[in-house]
Amino acid sequence: MKTVKTFARQFSFSLMMAMTLGSAVVSCDSILGEEEVDCSVEYRVKFKYDYNMKYADAFSREVETVTLYAFDDNGKLVYQKTEEGDVLGEEGYTMKVDLEPGDYHLITWAGLNNEASFSVPLVTAGESSLDELQCKMDRLYSRAADGTAMVNSKLSSLWHGEVTKQSFSRAATSQVVTVPLVKNTNTIRVILQQMDGVTVEVDKFEFTITDDNGLMNYDNKLLEDETLTYYPITVRRAARTWGHEPTERRRTATSA
């Protein structure tokens, strides 16, 4: 009798496990596609900008517009979304994205708007490729015979972010992924000072900076570009100021 009871308990437990596993399969992966089963997952993206001298996340305080691009394994654009304004400054801000489960190459350009000093081409989901997502600095051309490219206005702030392979899964009802940002623009200040304390006559000096750093690829690496000449944007006593990209990203270019 003891053997029969043991067998009955084992059979009952096995049956219960089979039913439980069967239910799990039906819940989201069943080919029956039962309508009453809710398999939706909410995906959100958090943007973080803590690669700075403050050693703190300054995204909510500094970034006013952000665009996320998602590319598939073939390098084709499948999704893009832009958000801007006060919502980016809200505590705990994340961007809700409508993506199917899978692996994606995520790219972010932040700081681009109608008044920005940079621009990216218009891209189309299902058609545009990863290599098309280049970011170019605006420039003017002098009337000189050589038509020198120049920048003589303050650069707007620009950020870039990338996650080369991000998996979005059905493992939970919600998933938040983080895209870290790096700021491409900064400020250069040139200060002239006489050792004997005599005031420097700033009108007797002219400073420019030249570099070929005005075109960035989707991964934020510099592409071949024409030489740009940057002129000062302000003159204060013996100091002239430029806006520029940080040297750690080998961008020492400035804007005027």
Inset, instruction - Considering every residue within segment 119-130, establish whether at least one is within 22 Å of residue 188 (Cα to Cα) and surrounded by 15 or more Cβ atoms within 10 Å (Cβ to Cβ). - result: no
Legend entry - Matching option when the condition is buried (at least 16 other Cβ atoms within 10 Å of the Cβ) and farther than 25 Å from residue 173 by Cα, among 71, 59: 59
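Okay, residues lined up against (1) within 27 Å of residue 59 (Cα to Cα); (2) in contact with an Asp or Glu (Cβ under 8 Å, 6 or more places away or on another chain); (3) acidic (Asp, Glu):
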| position | (1), (2), (3) |
| --- | --- |
| 109 | yes, no, no |
| 120 | yes, no, no |
| 127 | no, no, yes |
| 134 | yes, no, no |
| 137 | yes, no, no |
| 142 | no, no, no |
| 155 | yes, no, no |
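Being more than 20 Å from residue 109 (Cβ to Cβ), of a type in the set (Asp, Glu) and not in a loop (DSSP other than H, G, I, E, B) is the filter here, so list the residues in segment 162-213 that pass it. Don't jump to the end; show me each part of the working.
Going residue by residue through segment 162-213, those that are more than 20 Å from residue 109 (Cβ to Cβ) are 167-176, 187-212.
From what is left, the residues that are of a type in the set (Asp, Glu) are 196, 201, 203, 206, 211-212.
The answer is 203, 211.
For segment 213-240, name all the residues that are at pLDDT below 55 and not aliphatic (A, V, I, L, M).
Let us first name the residues in segment 213-240 that are at pLDDT below 55, namely 238-240.
Result: 240, single match.
Would you mind finding the one in 81, 96 that is closer than 25 Å to residue 215 by Cβ, assigned to a strand (DSSP E or B) and touching a strand residue (DSSP E or B) at 6+ places or on another chain (Cβ under 9 Å)?
Values: 96 fails: closer than 25 Å to residue 215 by Cβ.
Testing whether each residue is closer than 25 Å to residue 215 by Cβ, assigned to a strand (DSSP E or B) and touching a strand residue (DSSP E or B) at 6+ places or on another chain (Cβ under 9 Å) leaves just 81.
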Inset, instruction - Hey, can you tell me all the residues within segment 101-150 that are among the charged types (D, E, K, R) and either assigned by TED's automatic domain parsing to the domain that holds residue 68 or closer than 23 Å to residue 212 by Cα (or both)? - result: 103, 115, 131, 132, 136, 138, 139, 143, 146
Inset, instruction - Scan segment 175-207 for residues that are surrounded by fewer than 17 Cβ atoms within 10 Å (Cβ to Cβ) and at pLDDT below 95 and report the count. - result: 20
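The values are calculated or read from the model by the stated rules, or taken from the named source; none is laboratory data. As the structure is a prediction and not an experimental result, all values here were calculated from the model. Heads up, the Cβs are rebuilt from the backbone with ideal geometry, glycines too, and the neighbour counts pull from every protein chain shown.
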